[in-house]
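The values are calculated or read from the model by the stated rules, or taken from the named source; none is laboratory data. What you see is a predicted model, and the numbers here were worked out from it, not measured in a lab. All Cβ positions, even for glycine, are placed from backbone atoms using ideal geometry, and neighbour counts span all protein chains on display. With ligands, DNA and RNA removed, areas are computed over all heavy atoms of the protein, side chains included. Shrake-Rupley method; radii C 1.70, N 1.55, O 1.52, S 1.80 Å.
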Amino acid sequence: IMRSFQKILVIAIFSAFIISGCSKDNDTPDPVVPPTNKELLTAKTWQVGETYQNITGTRFHYLRGGENTSGVNMGALRINFNADGTGSHTDVDGNNYTLTWAFSSADESTVHIVIEGTIIIDWYFVDIESDVLEASTNVSTNGLVTAKWIPVP
């Protein structure tokens, strides 16, 4: 009888270890923290996917791989933002330039860009997602361009 009791005790203790080892963990996953606008902006190199331009009341449209009533092939146009406030810009002719940039509003809905220290561009109504960047800018006293930028593949 003593041997049977010892076997039952060993089995019970062993079972208790197995059951406690297999108990459900109460670990909850860390909450997903969405990326900041800065992280989204600096994560990719951007190319123009589409623009709408209104210059002195005349509307022009550019769609990558599609309609182009602007008269300018924007296929080479690129912009890259670095986290340290620097970056690069490739114009429609494929020329590369350095730039500096900063959010110019507390809600990060405007971006101030200076290309080669002399060309100033202010983007307004900026919306930044992981796969699209939308912004509008004045191009003259009578012109407005709204652009949808997409990541370079």
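In this structure, Tyr97 does not satisfy being surrounded by fewer than 17 Cβ atoms within 10 Å (Cβ to Cβ), in contact (Cβ under 8 Å) with a residue 60 or more places away in the chain and assigned to a strand (DSSP E or B).
Whenever a residue of the range 135-153 is assigned to a loop (DSSP other than H, G, I, E, B), its partners that are open to solvent by 20 Å² or more (accessible area, probe 1.4 Å) and at pLDDT 95 or above, lying with C-beta atoms within less than 6 angstrom and at least six residues away or across chains, give the pairs Val152/Thr45. Within the range 121-134, being out of contact with any helix residue (DSSP H, G or I) (no Cβ under 6 Å at 6 or more places or on another chain) and either in a strand (DSSP E or B) or under 19 Å from Val72 (Cβ atoms) (or both) holds for Ile121, Asp122, Trp123, Tyr124, Phe125, Val126, Asp127, Leu133, Glu134. Considering the range 28-54, and only residues there that are modelled with pLDDT of 95 or more and part of a loop (DSSP other than H, G, I, E, B), the residue that is surrounded by the most Cβ atoms within 10 Å (Cβ to Cβ) turns out to be Lys44.
If you go through the range 115-131 and keep only what is in contact (Cβ under 8 Å) with a residue 24 or more places away in the chain and open to solvent by 80 Å² or more (accessible area, probe 1.4 Å), you end up with just Glu129.
Restricting the range 55-94 to residues that are β-branched (Val, Ile, Thr) and assigned to a loop (DSSP other than H, G, I, E, B) leaves a set whose member that is farthest from Ile113 (Cα to Cα) is Thr69.
Scanning the range 100-120 for residues that are at pLDDT below 95 and in a strand (DSSP E or B), we see that the one that is nearest to Pro34 (Cα to Cα) is Ile120.
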